[in-house]
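*Asks:* The structure is given below, and queries will be raised subsequently.
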Amino acid sequence: GNGAVDVLADSEFDPDEERDRGVILYGNAETNRAWPALLQKAPIIVTRAGVRVGEHLERGGDLACLFAYPRPGSRTAMVGVVAGTELTGMRLTDRLPYFTSGVAYPDWTVIGADALSVGLKGIRGCGFFANDWTISRTDTAWRM
């Protein structure tokens, strides 16, 4: 509710400033310069070619990925990630209600653009992190 955000280009972002402030990163590891500083140890990586969650790789330029991960150097701040593989994947994130009160997502979610026409069947995978922020094998589901 009533929050305010500062919007910065990735070229203006200094990861050493205000370490206890939450960050929302848009883009992917190839399109956002802040990715290495904020998500170097994250078990999820999004590139133009696909989304890797632990050992699992989903390929495609039409994928959207949402996840949250602890901000390096902070005991309290998180990095919220709104990522897409290519333009189609990023545009898909425009349709996801992640800033709506009462919406609940798991720790990470990967969605294909076909979700716009097939609904829940377009969710490729989702799950929760383990207590050490690795991918939980028991709390992960992939659509086959």
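*Asks:* Here is a list of conditions, (1) part of a strand (DSSP E or B); (2) small (Gly, Ala, Ser); (3) touching a residue at least 24 places away in the same chain (Cβ under 8 Å), and residue 136 meets all of them except one; can you say which number that is?
*Replies:* All conditions pass for residue 136, except number (3).
*Asks:* If you take the residues in the range 123-135 that are buried (at least 18 other Cβ atoms within 10 Å of the Cβ) and of a type in the set (Gly, Ala, Ser), which one is nearest to residue 93 (Cα to Cα)?
*Replies:* Top of the filtered list is 125.
*Asks:* Please enumerate the residues belonging to the range 57-82 that are closer than 19 Å to residue 141 by Cα and either at pLDDT below 95 or surrounded by 15 or more Cβ atoms within 10 Å (Cβ to Cβ) (or both).
*Replies:* The initial filter retains those residues of the range 57-82 that are closer than 19 Å to residue 141 by Cα, namely 57-60, 63-69.
Passing the criteria: 58, 60, 63, 64, 65, 66, 67, 68, 69.
*Asks:* Read through the list (1) at pLDDT below 95; (2) within 16 Å of the chain's Cα centre (by Cα); (3) of a type in the set (Val, Ile, Thr), then give the number of the only condition that residue 88 fails.
*Replies:* Failing condition for residue 88: (1).
*Asks:* Pull up the range 98-121, narrow it to residues that are more than 21 Å from residue 56 (Cβ to Cβ), open to solvent by 100 Å² or more (accessible area, probe 1.4 Å) and of a type in the set (A, V, I, L, M, F, W, C), then point me to the one that is modelled with the highest pLDDT.
*Replies:* Result: 116.
*Asks:* Within the range 22-45, can you find the residues that are in a loop (DSSP other than H, G, I, E, B), of a type outside the set (A, V, I, L, M) and over 14 Å from residue 133 (Cβ atoms)?
*Replies:* Passing the criteria: 22, 27, 28, 30, 31, 32, 33.
*Asks:* Go through (1) under 14 Å from the mean Cα position of the chain (by Cα); (2) of a type in the set (Ser, Thr, Tyr); (3) assigned to a loop (DSSP other than H, G, I, E, B) and name the single condition residue 74 misses.
*Replies:* Evaluating residue 74 over (1) under 14 Å from the mean Cα position of the chain (by Cα); (2) of a type in the set (Ser, Thr, Tyr); (3) assigned to a loop (DSSP other than H, G, I, E, B) leaves (1) as the failure.
*Asks:* Return the pairs, sorted by first residue and then second, in which the second residue is open to solvent by 10 Å² or more (accessible area, probe 1.4 Å), the first residue lies in the range 73-85 and is basic (Lys, Arg), the beta carbons are less than 8 Å apart, and the residues are 6+ apart or on different chains.
*Replies:* Correct list of pairs: 75/20.
*Asks:* Okay, moving on. Could you tell me whether any residue of the range 22-36 is open to solvent by 60 Å² or more (accessible area, probe 1.4 Å), over 30 Å from residue 144 (Cβ atoms) and either more than 13 Å from the chain's Cα centre (by Cα) or not β-branched (Val, Ile, Thr) (or both)? Reasoning before the result, please.
*Replies:* Quick first cut of the range 22-36, residues open to solvent by 60 Å² or more (accessible area, probe 1.4 Å) only: 24, 26, 30-31, 33, 36.
Cutting the leftovers down to over 30 Å from residue 144 (Cβ atoms) gives us 24, 33, 36.
Next, from what is left, pick out any that are either more than 13 Å from the chain's Cα centre (by Cα) or not β-branched (Val, Ile, Thr) (or both): 33, 36.
Within the range 22-36, one or more residues are open to solvent by 60 Å² or more (accessible area, probe 1.4 Å), over 30 Å from residue 144 (Cβ atoms) and either more than 13 Å from the chain's Cα centre (by Cα) or not β-branched (Val, Ile, Thr) (or both).
*Asks:* Look through 95, 19, 91, 48 and report the one residue that is open to solvent by 30 Å² or more (accessible area, probe 1.4 Å), among the basic types (Lys, Arg) and not in a loop (DSSP other than H, G, I, E, B). Don't jump to the end; show me each part of the working.
*Replies:* Details: 95 fails: not in a loop (DSSP other than H, G, I, E, B); 19 fails: not in a loop (DSSP other than H, G, I, E, B); 48 fails: not in a loop (DSSP other than H, G, I, E, B).
Going through 95, 19, 91, 48 in turn, the sole match is 91.
The values are calculated or read from the model by the stated rules, or taken from the named source; none is laboratory data. These numbers were taken from a predicted model, which means no experiment stands behind them. Note: ideal-geometry Cβ built from the backbone for every residue, glycine included; neighbour counts use all protein chains shown. When the accessible area is computed, the model is the full protein with side chains, heavy atoms only, and any ligands, DNA or RNA have been set aside. Shrake-Rupley method; radii C 1.70, N 1.55, O 1.52, S 1.80 Å.
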